[in-house]
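Student: Sharing a structure, written as structure tokens. Questions coming.
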Amino acid sequence: MRRDIYQAIADPTRRAILALIALHAMTPNAIAEHFKTTRQAVSKHLQILTECELVKQVQQGREIYYSLEIEKMKEIDKWLEQFRKIWQDRFNEIDNILLELQNKNK
């Protein structure tokens, strides 16, 4: 079963894991140290993120390192872009209204 990436990032713990590994790859134990939960709970979150292809695993000796899958994150960014346009248009409208109000008060 392939999981939905948007459901995956809806969970605050999984978003925090993504933020942690955004800069460099980490082992599950290193990730778990940042949370007040069990190592098994973190592993479950990593499994979901892996199934969604938001993170990738690289085996180095005995350790597995998890890192961010940039291409999948770009997919999320592309989806969010439509909302950025709407927000920017609304902010521009507010700026125009404020400018008009300032000009009337002069």
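Student: Of everything in region 27-67, what is within 18 Å of residue 4 (Cβ to Cβ) and acidic (Asp, Glu)? Give them in sequence order.
Tutor: 51, 53
Student: Considering only region 1-13, how many residues are surrounded by 15 or more Cβ atoms within 10 Å (Cβ to Cβ), closer than 18 Å to residue 74 by Cβ and not small (Gly, Ala, Ser)?
Tutor: Result for region 1-13: 2.
Student: Does residue 51 fit the bill of being of a type outside the set (Ser, Thr, Tyr) and closer than 16 Å to residue 11 by Cα?
Tutor: yes
Student: A further question on this structure: Within the set of pairs 6+ apart or on separate chains, which have a first residue in region 71-87 that is touching a residue at least 60 places away in the same chain (Cβ under 8 Å), a second that is surrounded by 10 or more Cβ atoms within 10 Å (Cβ to Cβ) and among the aliphatic types (A, V, I, L, M), and C-beta atoms under 9 Å apart?
Tutor: Hits for this filter: 72/5; 72/54; 72/55; 75/5; 76/5; 76/9; 76/54.
Read-outs throughout are calculated quantities, based only on the coordinates presented, and are distinct from any laboratory measurement. Owing to the predicted nature of the structure, the values given are computational and were not obtained by experimental measurement. Positions of Cβ are generated from backbone atoms using ideal geometry, with glycine treated the same way; all protein chains shown enter the neighbour counts.
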